[in-house]
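The values are calculated or read from the model by the stated rules, or taken from the named source; none is laboratory data. Just so it is clear, the model here is predicted, and its values are computed rather than measured. We place every Cβ from the backbone using ideal geometry, glycine too, and count neighbours over all the protein chains shown. For the accessible areas, the whole protein counts, side chains as well, though only heavy atoms, and no ligand, DNA or RNA atoms are used. Shrake-Rupley method; radii C 1.70, N 1.55, O 1.52, S 1.80 Å.
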Amino acid sequence: MINVLITSPCNESARSAFQSKFGGRCSFIFRSPDNISDVIGSADAIIGVLPLEDIQKAENLRWVQMTQAGTDRYTCHDGFPADVILTNASGAFGVTISEYVMGAVLSLYRRFPVYSDNMKHSLWQDAGAERTLFGETVLILGTGDIGSNIAKRMKPFGVKTIGVKRTKSAPSKYFDEFHTIDELDAFLPCADIVIGCVPNTPLTDGLLNEKRLRLMKQNSLLVNVGRGTLIDEAALIKVMSEGHLYGAVLDVFEEEPLPAGSPLWKLPNVMITPHISGKGFSHSPATERMIWDIAAENLSRFLNGEPLIHTVDIKKGY
C-alpha cells in the first residue's frame, strides 16, 4: 500500500475513479496545497503542483506527477530530489491552447476587438482593412504537443507551417518544414505569424530579443502561449511602439500578474489574457479529464514497475 497525495482540485468523479481502480493498492489523501503539512512526510507519490520546499520535505517521496505541462518551478531551480521521478501532464493541453491561438489570431485579423468596442457605443462603423490566414507563413517555436496541435489547426486555413525545434527532422503531416533554433534568424523574416510555445529553459530564455523582434517581418503578428521568459518585454514594447509589428497575443509574461503600469496594456492591437490559454481546472472539463487520464495511466505504471510517460529531464528542463 502506497500513500498518494493529490493536491490539485479533484472532483467527485475523478476521486471515485482513482478509488475504484487503485483503492486496493493505494491510500489516497486529497488536500489543497496549503493544507499538507501533516501528511507530506508520508507521501510516496504526489499528484499536483507544490512549491519546491514542500517537495523537499517529503521524506518518502518517489514520484511527482504534475498536473500541468510547464516544469520550470522545479527545473529552473536547484534542489529537486535526485531520486524522485518527475512527470508532467504534457499531452493534455494541446487542444485547448491551440483553440485559444486560433481564436485570438482570427479575432485580431478580423478586427473583432474594434467592433466589440464599437458596440459599447452603439457605433456602426467600418473598422477598415482586415487580414486572412490564407497564404500566410506561420513559424511555430516548439513542436511538441502544443505546437503540433497549433499546426494541425492552422493547416486547413491554407497556411505554410514551419516548426522550430532543438533538432532538425523531416517534414510531417502538419509541418511543412522543421528547422533548429540555430536557424531561427534566417526564418523569422519569412513569417507572417510567430508563435511561441516553448518551455522555460536556458536555451529559450530571452530568445526573442530586440534583434530578433526586428528581424520579424514588418506587420507580422507575435503570439506567446509558452513562457513569458521567451520575449524581452522591454524590447517588445519598444518595437511595437515604433509600429514594426501588426500586433501581439500575450498570455504569459516575465512577471505575473502583469503590473498595471506596464505599457503593454496601452499598446494598440495587443491582446492580453491572464495565463489562461491552457487552464484545465475550473476552465475546461475535457482538459481536466485528460489530466486525470495521464495521472491514472502513470499511477498504474508506477504500481506495476513500468516506465512512466511524460518523464521530465531535470537538466534539459522538459
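May I ask for the Rg/Rh ratio of the range 120-278, computed from Cα atoms with Rh as the Kirkwood radius, given to two decimals? Display every interim value, and only then the final one.
Details: Rg = 15.7 Å, Rh = 16.2 Å.
Rg/Rh: 0.97.
Charges on Cβ only, +1 for Lys and Arg, -1 for Asp and Glu, centred on the Cα centroid of the chain; of A82, V105, N298, which one is farthest towards the dipole's positive end? Projecting each Cα onto the dipole axis, the largest value belongs to V105. The stretch between D83 and R289, if pulled fully straight at 0.36 nm per residue, gains 71.3 nm over its current Cα-Cα span.
Taking only the Cα atoms of the range 57-99, the radius of gyration and Dmax are 12.6, 41 Å.
Per DSSP helix of 4 or more residues, -39500 (n - 2.57); summed, then divided by the residues of the chain. What does that give at 222 nm, rounded to the nearest 500? Don't jump to the answer; show the numbers that get you there.
Working: 10 runs with 94 residues, N = 318.
That comes out to -8500 deg cm²/dmol.
Counting only protein heavy atoms and a 1.4 Å probe, the chain has 48 square angstrom of accessible area per residue.
Checking a compactness column here: for the range 86-125, what do you get for Rg(Cα) / (2.2 N^0.38 Å), N being the number of residues?
1.83
Summary of the geometry: the range 252-291 and the range 21-92, compared by the centres of their Cα atoms, lie 25 Å apart.
Heavy-atom surface analysis with a 1.4 Å probe gives the range 180-318 a carbon and sulfur content of 55 percent of its accessible area. Among the lysines, which have Cα under 29 Å from the Cα of K266 when same-chain residues fewer than 8 positions away are ignored? Those lysines meeting the cut-off are K120, K211, K217, K238, K279.
On average over all directions, what projected area in square nanometres does the range 63-144 have, based on the convex hull of its Cα atoms? Spell out each step's value before the answer.
Values: hull surface 35.4 nm².
Projected over every direction and averaged, the Cα hull of the range 63-144 covers 8.9 nm².
Three semi-axes describe the equivalent ellipsoid of the range 9-148; taken as square roots of 5 times the Cα gyration tensor eigenvalues and ordered largest first, they are 44, 19, 15 Å. With the simple spin-label model, which puts each label point 7 Å out from Cα in the Cβ direction, the K120 to Q218 separation comes to 3.2 nm. DSSP beta bridges fully contained in the chain are about 0 percent antiparallel. Students often get this wrong, so check it: of K57/K316; K21/K316; K168/K316, which have C-alpha atoms separated by over 22 Å? Violating the 22 Å limit, Cα to Cα: K57/K316; K21/K316. Solvent-free Debye calculation, one equal scatterer per alpha-carbon of the range 17-94: log10 I(q)/I(0) at 0.12, 0.16, 0.22, 0.27 Å⁻¹ equals -0.35, -0.62, -1.13, -1.44. Radius of gyration over Kirkwood radius for the range 204-297, both on Cα atoms: the Rg/Rh ratio is 1.07.
Label-to-label distance for D38 and T167 is 5.0 nm, based on points extended 7 Å past Cα in the beta-carbon direction.
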